[in-house]
Amino acid sequence: MMFKKFFIALFLVSFSKLALATANIDMTEPYGMVKQVAASTFKRVADDQAIIADDKEHLRLIVEEELLPYIDYNYSAYKVLGSYIQRIRNIKDKDEKKAEIAKVRRFVDVFKNYLVATYAGVFTQYTGQTVEFEPARSIKDKKFAVVKTKIVEQGKPDINIGFKVKKSTKKGTWKAYDMVAEGISLLDAKQSELHGILRTEGLDYVIELLDKKSKLPVQFRGKSGEKAS
(Lines give C-alpha, C1' and ligand atoms only; values in the text may rest on other atoms or scores of the structure.)
Protein backbone atom coordinates (compact mmCIF):
# COMPACT_ATOMS: atom_id res chain seq x y z
CA MET A 1 0.00 0.00 0.00
CA MET A 2 2.85 2.36 0.86
CA PHE A 3 4.49 1.81 -2.52
CA LYS A 4 1.19 2.37 -4.30
CA LYS A 5 0.82 5.73 -2.54
CA PHE A 6 4.47 6.44 -3.29
CA PHE A 7 4.20 5.92 -7.04
CA ILE A 8 0.87 7.72 -7.29
CA ALA A 9 2.44 10.67 -5.49
CA LEU A 10 5.38 10.60 -7.84
CA PHE A 11 3.38 11.95 -10.72
CA LEU A 12 0.83 13.97 -8.90
CA VAL A 13 3.67 16.45 -8.46
CA SER A 14 5.79 15.46 -11.45
CA PHE A 15 8.52 17.37 -13.24
CA SER A 16 7.74 18.19 -16.86
CA LYS A 17 8.79 20.33 -19.79
CA LEU A 18 6.50 23.17 -20.83
CA ALA A 19 5.88 23.52 -24.53
CA LEU A 20 8.22 26.24 -25.76
CA ALA A 21 5.37 27.94 -27.54
CA THR A 22 3.36 28.45 -24.35
CA ALA A 23 5.80 28.99 -21.49
CA ASN A 24 9.36 29.56 -20.41
CA ILE A 25 10.55 27.88 -17.22
CA ASP A 26 13.35 29.44 -15.22
CA MET A 27 15.61 26.51 -14.36
CA THR A 28 18.00 28.69 -12.36
CA GLU A 29 15.67 28.59 -9.33
CA PRO A 30 14.47 25.17 -8.11
CA TYR A 31 11.29 26.12 -6.24
CA GLY A 32 9.69 28.06 -9.06
CA MET A 33 10.81 25.48 -11.59
CA VAL A 34 9.10 22.62 -9.75
CA LYS A 35 5.87 24.59 -9.35
CA GLN A 36 5.74 25.70 -13.00
CA VAL A 37 6.58 22.28 -14.32
CA ALA A 38 3.98 20.52 -12.18
CA ALA A 39 1.26 22.93 -13.32
CA SER A 40 2.21 22.33 -16.94
CA THR A 41 2.14 18.56 -16.49
CA PHE A 42 -1.37 18.52 -15.08
CA LYS A 43 -2.59 20.75 -17.89
CA ARG A 44 -1.11 18.44 -20.55
CA VAL A 45 -2.67 15.36 -18.95
CA ALA A 46 -6.04 17.11 -18.66
CA ASP A 47 -5.92 18.39 -22.24
CA ASP A 48 -5.05 14.94 -23.62
CA GLN A 49 -7.63 12.93 -21.67
CA ALA A 50 -9.58 11.99 -24.81
CA ILE A 51 -6.43 10.57 -26.39
CA ILE A 52 -5.37 8.81 -23.20
CA ALA A 53 -8.81 7.20 -22.83
CA ASP A 54 -8.36 5.53 -26.21
CA ASP A 55 -4.65 4.76 -25.87
CA LYS A 56 -2.80 4.79 -22.54
CA GLU A 57 0.49 4.46 -24.45
CA HIS A 58 0.10 8.17 -25.20
CA LEU A 59 1.22 8.74 -21.62
CA ARG A 60 4.72 7.64 -22.65
CA LEU A 61 4.85 10.52 -25.10
CA ILE A 62 3.71 12.95 -22.42
CA VAL A 63 6.43 11.74 -20.07
CA GLU A 64 9.11 11.92 -22.75
CA GLU A 65 8.13 15.41 -23.85
CA GLU A 66 7.13 16.90 -20.52
CA LEU A 67 9.25 15.19 -17.91
CA LEU A 68 12.59 13.86 -19.10
CA PRO A 69 14.13 17.24 -19.97
CA TYR A 70 13.84 18.15 -16.28
CA ILE A 71 15.22 14.94 -14.79
CA ASP A 72 18.92 14.16 -14.56
CA TYR A 73 18.35 10.46 -15.28
CA ASN A 74 22.06 9.91 -15.88
CA TYR A 75 22.82 10.94 -12.30
CA SER A 76 19.84 8.91 -11.05
CA ALA A 77 21.05 5.80 -12.87
CA TYR A 78 24.54 6.16 -11.40
CA LYS A 79 23.02 6.52 -7.92
CA VAL A 80 21.08 3.28 -8.42
CA LEU A 81 24.23 1.43 -9.51
CA GLY A 82 26.01 2.74 -6.42
CA SER A 83 29.27 0.92 -5.63
CA TYR A 84 29.20 -0.83 -9.02
CA ILE A 85 30.43 2.43 -10.57
CA GLN A 86 33.42 2.50 -8.22
CA ARG A 87 34.26 -1.10 -9.14
CA ILE A 88 34.46 -0.07 -12.80
CA ARG A 89 36.71 2.85 -11.95
CA ASN A 90 39.12 0.46 -10.24
CA ILE A 91 39.44 -1.88 -13.24
CA LYS A 92 43.00 -1.82 -14.59
CA ASP A 93 42.55 -3.71 -17.86
CA LYS A 94 41.60 -1.15 -20.54
CA ASP A 95 39.52 -3.51 -22.65
CA GLU A 96 37.60 -4.83 -19.67
CA LYS A 97 37.01 -1.30 -18.42
CA LYS A 98 35.80 -0.17 -21.83
CA ALA A 99 33.35 -3.07 -21.99
CA GLU A 100 31.96 -2.28 -18.54
CA ILE A 101 31.57 1.41 -19.38
CA ALA A 102 29.59 0.40 -22.47
CA LYS A 103 27.30 -1.68 -20.23
CA VAL A 104 26.75 1.28 -17.92
CA ARG A 105 25.78 3.47 -20.86
CA ARG A 106 23.31 0.80 -21.94
CA PHE A 107 21.96 0.65 -18.38
CA VAL A 108 21.41 4.41 -18.34
CA ASP A 109 19.44 4.21 -21.59
CA VAL A 110 17.32 1.28 -20.36
CA PHE A 111 16.84 2.92 -16.96
CA LYS A 112 15.54 6.04 -18.71
CA ASN A 113 13.02 3.95 -20.67
CA TYR A 114 12.02 2.14 -17.48
CA LEU A 115 11.35 5.45 -15.76
CA VAL A 116 9.21 6.58 -18.70
CA ALA A 117 7.15 3.39 -18.51
CA THR A 118 6.78 3.57 -14.73
CA TYR A 119 5.82 7.23 -14.71
CA ALA A 120 3.37 6.74 -17.59
CA GLY A 121 1.66 4.03 -15.56
CA VAL A 122 1.36 6.27 -12.52
CA PHE A 123 -0.32 8.95 -14.61
CA THR A 124 -3.25 6.56 -15.05
CA GLN A 125 -3.99 7.22 -11.35
CA TYR A 126 -4.41 10.99 -11.74
CA THR A 127 -7.90 12.13 -10.69
CA GLY A 128 -7.41 15.84 -10.06
CA GLN A 129 -5.80 15.90 -6.62
CA THR A 130 -4.62 19.23 -5.20
CA VAL A 131 -0.91 20.03 -4.87
CA GLU A 132 0.52 22.50 -2.35
CA PHE A 133 4.09 23.83 -2.58
CA GLU A 134 6.28 25.17 0.19
CA PRO A 135 7.46 28.79 -0.19
CA ALA A 136 10.83 29.31 -1.85
CA ARG A 137 13.83 29.31 0.46
CA SER A 138 17.27 30.82 0.12
CA ILE A 139 19.66 28.30 -1.41
CA LYS A 140 22.71 30.60 -1.56
CA ASP A 141 25.62 28.61 -3.00
CA LYS A 142 24.11 25.17 -2.45
CA LYS A 143 24.25 22.65 -5.29
CA PHE A 144 21.60 20.35 -3.82
CA ALA A 145 18.16 21.14 -2.44
CA VAL A 146 14.87 19.51 -1.50
CA VAL A 147 11.62 21.08 -2.69
CA LYS A 148 8.80 20.02 -0.37
CA THR A 149 5.26 19.56 -1.60
CA LYS A 150 2.04 18.07 -0.29
CA ILE A 151 -0.77 16.13 -2.01
CA VAL A 152 -4.16 17.07 -0.56
CA GLU A 153 -7.29 15.02 -1.25
CA GLN A 154 -10.54 15.37 0.67
CA GLY A 155 -11.21 12.45 3.00
CA LYS A 156 -7.68 11.09 2.74
CA PRO A 157 -4.44 11.77 4.69
CA ASP A 158 -2.05 14.28 3.11
CA ILE A 159 0.94 12.82 1.29
CA ASN A 160 4.20 14.67 1.95
CA ILE A 161 6.73 14.66 -0.86
CA GLY A 162 10.25 16.02 -1.19
CA PHE A 163 11.86 16.44 -4.59
CA LYS A 164 15.63 16.23 -4.56
CA VAL A 165 17.17 18.54 -7.14
CA LYS A 166 20.75 19.32 -8.09
CA LYS A 167 22.42 22.25 -9.78
CA SER A 168 24.61 21.77 -12.82
CA THR A 169 28.04 23.23 -12.21
CA LYS A 170 28.42 23.99 -15.93
CA LYS A 171 25.02 25.45 -16.84
CA GLY A 172 23.84 26.68 -13.46
CA THR A 173 20.43 25.06 -14.01
CA TRP A 174 18.50 22.74 -11.71
CA LYS A 175 17.15 19.27 -12.45
CA ALA A 176 15.42 16.63 -10.36
CA TYR A 177 17.19 13.37 -9.58
CA ASP A 178 15.15 11.76 -6.78
CA MET A 179 11.98 12.07 -4.79
CA VAL A 180 11.08 11.11 -1.24
CA ALA A 181 7.41 10.32 -0.50
CA GLU A 182 6.44 9.62 3.10
CA GLY A 183 10.08 8.88 3.93
CA ILE A 184 10.68 6.56 0.97
CA SER A 185 13.30 7.52 -1.62
CA LEU A 186 12.56 6.35 -5.15
CA LEU A 187 16.25 5.79 -5.87
CA ASP A 188 16.94 4.07 -2.57
CA ALA A 189 14.00 1.73 -3.18
CA LYS A 190 15.18 0.89 -6.68
CA GLN A 191 18.78 0.44 -5.56
CA SER A 192 17.65 -1.90 -2.77
CA GLU A 193 15.57 -3.88 -5.26
CA LEU A 194 18.38 -4.29 -7.76
CA HIS A 195 21.39 -4.56 -5.45
CA GLY A 196 21.14 -8.29 -4.80
CA ILE A 197 20.27 -9.06 -8.41
CA LEU A 198 23.19 -7.00 -9.64
CA ARG A 199 25.57 -8.81 -7.30
CA THR A 200 24.41 -12.33 -8.13
CA GLU A 201 23.33 -12.04 -11.77
CA GLY A 202 25.41 -9.15 -13.10
CA LEU A 203 24.66 -5.94 -14.96
CA ASP A 204 23.69 -7.66 -18.21
CA TYR A 205 20.85 -9.45 -16.43
CA VAL A 206 19.65 -6.25 -14.75
CA ILE A 207 19.64 -4.45 -18.10
CA GLU A 208 17.59 -7.23 -19.67
CA LEU A 209 15.18 -7.23 -16.72
CA LEU A 210 14.53 -3.47 -16.86
CA ASP A 211 14.31 -3.55 -20.64
CA LYS A 212 11.53 -6.15 -20.50
CA LYS A 213 9.65 -4.21 -17.84
CA SER A 214 9.93 -0.97 -19.80
CA LYS A 215 8.24 -2.59 -22.81
CA LEU A 216 5.18 -3.86 -20.93
CA PRO A 217 1.85 -2.12 -21.73
CA VAL A 218 1.25 1.09 -19.80
CA GLN A 219 -0.64 0.36 -16.57
CA PHE A 220 -0.15 1.15 -12.91
CA ARG A 221 2.18 -1.35 -11.20
CA GLY A 222 3.06 -1.74 -7.56
CA LYS A 223 6.34 -2.67 -5.88
CA SER A 224 6.39 -6.15 -7.38
CA GLY A 225 5.94 -4.84 -10.89
CA GLU A 226 2.58 -6.59 -11.16
CA LYS A 227 -0.57 -4.77 -12.14
CA ALA A 228 -2.04 -3.07 -9.09
CA SER A 229 -5.69 -3.47 -8.28
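The values are calculated or read from the model by the stated rules, or taken from the named source; none is laboratory data. These numbers come from a predicted model, not from an experiment. With ideal geometry, Cβ positions are generated from the backbone for all residues, glycine too; neighbour counts draw on all protein chains shown. Side chains included, ligands, DNA and RNA excluded: accessible areas come from the protein's heavy atoms. Shrake-Rupley method; radii C 1.70, N 1.55, O 1.52, S 1.80 Å.
Students often forget the sequence filter, so: which aspartates and glutamates lie under 15 Å Cα-Cα from residue 43 once same-chain residues fewer than 8 apart are removed?
Partners found: 65, 66.
Could you list the residues of the stretch 169-192 with an amide nitrogen less than 18 Å from a label point located 7 Å from the Cα of residue 89 in the Cα-to-C-beta direction?
Taking a point 7 Å out along Cα→Cβ of residue 89, the residues of the stretch 169-192 whose backbone N falls under 18 Å are 169.
Going down the table (190/215; 79/190; 35/143), which pairs top 21 Å between alpha carbons?
Distance filter (> 21 Å) returns an empty set.
Expected output is a single nm value to one decimal: the length gained when fully extending between residue 101 and residue 169, i.e. 0.36 nm times separation in residues minus the C-alpha distance. What is it?
Net length gain for the segment: 22.2 nm.
Keeping every protein chain present and rolling a 1.4 Å probe, give me the accessible area per residue for the stretch 163-215 in Å².
Numbers: 2750 Å² over 53 residues.
Per residue, the stretch 163-215 has an accessible area of 52 Å².
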